[in-house]
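Enquirer: Please read through the structure below; I'll follow up with questions.
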Amino acid sequence: MENVKESWWSKKGDPHQHIVNQLNQLDNVQSVTRARDKHYLSLYSNRRMNGLQPGSFTWRDMSDEYEEGVQQAANLNLSRSVVDSSQARICPNKPRVRFLTEGGNWFLQERARGMQRFYDGWMSEVVGYKSMEQAALDCKVFNKGYVHLMELDDRLEMEHVFKPEITVDEQAAATSPPRTAYRRKLMAAEFAVGKYAYPKGKYSKELGTQIYASGMTTQTGREAASSQLTVQMVEVIEAIHLPSRAGAKDGRRVVCVDNATLVDEAWELDCLPWVEIEWADDTAGYYKPGLVEETQGLQEELTKLIQEVQSNFEMLGGAHIRTAKGSVPPDWVDNERYKHFEGDAGDWDVITPSPVNPVFLQYIEALIAWGYDFPGVSKMEATSSQPGHQLSGKAIREYRDNASGRFAMKERAWERFGLAVARTAIKMMRRIAQRHPNTEMWYQSGSQLERVSWADIELPENDYRLDSYPTSMLPKEPSAKVQTVQEWVGAGMISGDEALQLLDFPDVESSQNIKLAALKHAQWVMDSIVYKRKVIAPDPIMDLPTCIKWARGTYLYVQMHGGNSDDKKEREKVADILKDLGAWILGAKALIEQETQQMMSKQAAMMPPPPPGGAPGGEVPLAPGMEPPPMATGGAGVPPALA
C-alpha cells in the first residue's frame, strides 16, 4: 500500500494534506476491519454501536426480538463474562521491570538502582498500570490494545488509547512490526492549540474543517454547527514514520488537523510511542483474533437458543385448562394467567406441558461450559465460587496453579508488555532530558518520599539490560499465601522478619512497622552512609548487633563491587565509603564493649559481700575462749548420727 516516493514523510513542506489523503485511502481499504471492531465491541458491551470514528461514536439498545441477520441483545452475556474473568486472572500482578547491569561495577549497579526508583516513581505518577490494564482489556475485546507515551514539555505522560483510534497499513505490517502508524483523536480545539502549537504561540487560523457538535453529530461548515456547539471539537492526527536504520535522519513525526500542521519534527527513535499488546499468537497478520472473536460463535448461538426458550416458556409455561364446550362462562377464565380451550364433553382438565425439551437446556449448559473451557477460564473463578468441600491453603494453591496453566503464555505476554512500555519510556525520557537535563521524579518507599534526579542516575543504553518479574510470586488467596510463606520459613529460605514483609497484609501494617523497625533502621543508617554520605553515629538505643550485621554486609559488598572501577574519582569515593563504614563498625563495637563493662560493674556492685574471716572454702575461726565440739567415737570425723 505504502509508496516511499509518494509518502508524506518524504514530502517537503506542510504534510498535513498528504497525511489526510493517506488515511482516507487506508479507511477505504480497511472498512471490514472497522466493521469487525464495531461488531466485537457490540458483543462485549451488549449495545449496538453505530460507529467508532469521530462523529459516529454512539450506540443504541439492541432489539430483544429475534430477527434474521440483525444482532440481538444477549440475555446471558458469555463474552463479557469470559473476558472479565480472563482480565481478573492475568492482570492482578503488575509487570514490574528491573534494571540489570553488565559486570560488577558498583557505580553502575547504583545507577541502575536509581533508574529503577525513577521508573517506579514515574509509573506511580502517571498511574501507568491503570492504562496498561485498559489496553489489556482492549486486546481481548478487539485484538490489540495500546498505551500512548507522550512528551509534554518536561514531562512524559501515559494514556490508554482506544484501539480504533490507531491506523496501520495491514499489508505492510503483515509479517513484521509496522514502521508507520497513525492515531486520530477527537479533542477540544483550544486544547489542541495549547498542547501542540504552544511553542509557536497561538495558532492564527481556525483548526479543522470538520466540526463535531454535542451529541457527536458531524457538520460540514462552521455556520451549520454553531447553533448546537457546546465545545468545538476537531480531529487531531499524529503520524510517525520510523527511521530506516539506526542513525538515519529520515524518521519523522507530524501532528496535524485536516487544514494545518501543528508539529513537524525529526523522529530518531527506533520504536513507536504507541506500545501494543495482543491476545492471540498467530504466525502472520497484524490484527490477530481477540477473545471476543474466539467466542462469538458460541455467544450468538447461545443468544438465539435462550430467546427461543423464552418464547416457548411464554407460550407453554402456564397451566392449560380444558373444559367441556359451553360449560364455563367466557368471563370466568381468561388467557392471561391460564390458557383456556374447550373440548368435547367431559370434566375439567388441567394440562401442564413441558415448555422446553430438556435437551435444549442441556445444550445451553454445554455452550456455557465450552465458552469457559475454550480459552482456559475456570468457571469457578468466573463465578467467584470454591469447590464443594473445604480446602487447605496448600490445596487452594495447587488448585489455582492447575487452573492457571492455560494462561501461562498470556501472562508472559502481559510481562512482555510491561517490558516494552519500560523500554519505550526510557528512550523517550532521554529525549526529554536533552531539553530538560534536571528532570526529577518522586519515588515512594514505604511512607517516605525521595526525589530522584535523572542527571544523577542516567545509564548509557548499552550498560544495562531490562528484565521483568511479577510484583509477587505468592498466591493471591490469604490462606495459600500464608501456607507458602510458612514453607519458606521452615526451609530456612527466609527469616521471620522477611516473612512479615512478604505477607504485607494491610490490617497488620502498624504491627509490622514496629516489629521491623530495627531492621529498617539498620538499612536506613547504612543507606545514609553509602548514598547520602552522611554518617549517623552509633547510639545505645540502636539495635547495634543488627546494625553491625548490615554494616559488615554493606562493607563487603562495596569493597567487592566498587574497587574495580577505572575512574580515579570513583575509586576515591569507594575508599571514603569503606573508611566511614569501618569507623562506624569499630565505634559500634566499642559502644557494645562499654555497655558490657558497665553492666558487669553494676552486677558486681549488686552482689552480697563475702562473710568475714578466711578465704572462701576455709574453716571459720573460733571466737576466743570457745572449744571445738567433741567428735563421736564411731569413726574419725563421722557425725554421730551416721556412725
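The values are calculated or read from the model by the stated rules, or taken from the named source; none is laboratory data. Everything numeric in this text was worked out from a predicted model, so none of it was measured. Neighbour counts run over all protein chains shown; Cβ positions are idealised from the backbone, glycine included. All accessible areas refer to the heavy atoms of the entire protein, side chains included, with ligands and DNA or RNA removed. Shrake-Rupley method; radii C 1.70, N 1.55, O 1.52, S 1.80 Å.
Enquirer: So how much accessible area does Asp576 have, in Å² to the nearest 10, using a 1.4 Å probe?
Expert: It works out to around 80 Å².
Enquirer: If r is the Cβ-Cβ distance from Lys11 to Arg451 and R0 is 56 Å, what FRET efficiency results, to the nearest 0.05? Please report the intermediate quantities before stating the final value.
Expert: On the way: r = 45 Å, r/R0 = 0.80.
Working from the Cβ atoms, E equals 0.80.
Enquirer: Pairs to check: Lys11/Lys288; Lys144/Lys304; Lys12/Lys163; Lys549/Lys589. Give those whose C-alpha atoms are more than 23 Å from each other in this structure.
Expert: Details: Lys11/Lys288 33 Å; Lys144/Lys304 28 Å; Lys12/Lys163 30 Å; Lys549/Lys589 11 Å.
Cα-Cα > 23 Å for Lys11/Lys288; Lys144/Lys304; Lys12/Lys163; rest within.
Enquirer: Same structure again: At 0.36 nm per residue, minus the direct Cα-Cα distance, what do Gln594 and Tyr531 gain on full extension? Give it in nm, one decimal, please. Can you show the working numbers first?
Expert: Numbers: separation 63, 0.36 × 63 = 22.68 nm, distance 2.96 nm.
Gain on stretching Gln594 to Tyr531: 19.7 nm.
Enquirer: Taking only protein heavy atoms into account and a 1.4 Å probe, give the accessible area per residue of the range 139-178 in Å².
Expert: Working: 1280 Å² over 40 residues.
So the range 139-178 comes to 32 Å² accessible per residue, rounded to a whole number.
Enquirer: At what distance in nm do the modelled label points of Gln362 and Lys549 sit from each other, each positioned 7 Å from its Cα along Cα→Cβ?
Expert: Output for this residue pair reads 6.5 nm.
Enquirer: Oh, and also: Given +1 on the Cβ of Lys and Arg, -1 on the Cβ of Asp and Glu, and no further charges, what dipole in debye does the range 423-465 carry about its Cα centre, rounded to the nearest 20? Numbers along the way, then the final one.
Expert: Numbers: 7 positive and 6 negative charges, 58 e Å.
That gives a dipole near 280 debye.
Enquirer: Another question, then. Over the heavy atoms of Met409, what accessible area does a 1.4 Å probe trace out, to the nearest 10 Å²?
Expert: 90 Å²
Enquirer: I would also like to ask the following. What is the extension gain from Glu314 to Ala604, computed as 0.36 nm multiplied by their sequence separation minus the C-alpha to C-alpha distance, in nm to one decimal? Don't jump to the answer; show the numbers that get you there.
Expert: Values: separation 290, 0.36 × 290 = 104.40 nm, distance 9.77 nm.
Residue separation times 0.36 nm, minus the Cα-Cα distance, leaves 94.6 nm.
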